[in-house]
Amino acid sequence: MSTSHAEVERSVRKYLDASTGNLPHDEFTEMEKRTIVQQHPYGTWVWVRPVDEMQELPEKFPYLAAIMALAREHGCTWINFDQDADPLEGMPRFDW
């Protein structure tokens, strides 16, 4: 079975590795209830929404919206919020 390079490229995804501390605890907890996420032992994977699906996000989740915009700028389709990841440069940090 042979797979072309182009077919494989369409299946490859990039993700932004962010610290769970880049979000306030209340926003992180609420995000886990309302967005497409997959929890793991050290944090949560979050799907990066398309721009046209982000109307309410900046108002309800301002820090998540900013991180999603950063992820989108870099061609990422997922964000890995991980308790062991380094905080993102230029983004606020929260201790919780």
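If the condition is being surrounded by fewer than 14 Cβ atoms within 10 Å (Cβ to Cβ) and either small (G, A, S) or in contact (Cβ under 8 Å) with a residue 60 or more places away in the chain (or both), then segment 61-76 contributes H74, G75. All of (1) in contact with a Cys (Cβ under 8 Å, 6 or more places away or on another chain); (2) modelled with pLDDT under 95; (3) not basic (K, R) hold for Y15 with one exception: (2).
From the list V37, V51, V8, V12, the lone residue that is out of contact with any His (no Cβ under 9 Å at 6 or more places or on another chain), crowded, with 16+ Cβ neighbours inside 10 Å, free of Cβ contacts under 8 Å to residues at least 40 places away in the same chain and of a type in the set (A, V, I, L, M, F, W, C) is V37.
Scan segment 79-93 for residues that are in contact (Cβ under 8 Å) with a residue 40 or more places away in the chain and either more than 23 Å from R13 (Cβ to Cβ) or in contact with a helix residue (DSSP H, G or I) (Cβ under 8 Å, 6 or more places away or on another chain) (or both) and the total you get is 10.
Please verify whether W96 is surrounded by fewer than 17 Cβ atoms within 10 Å (Cβ to Cβ) and either closer than 21 Å to V12 by Cα or acidic (D, E) (or both), treating the condition exactly as stated. No, not satisfied. Of the residues making up segment 64-85, those that are among the aromatic types (F, W, Y) and more than 10 Å from A18 (Cβ to Cβ) number 1.
The values are calculated or read from the model by the stated rules, or taken from the named source; none is laboratory data. Note that this is a predicted model, so its numbers are computed, not measured. For neighbour counting, all protein chains shown are included, and Cβ atoms are generated from backbone atoms with ideal geometry for every residue, glycine included.
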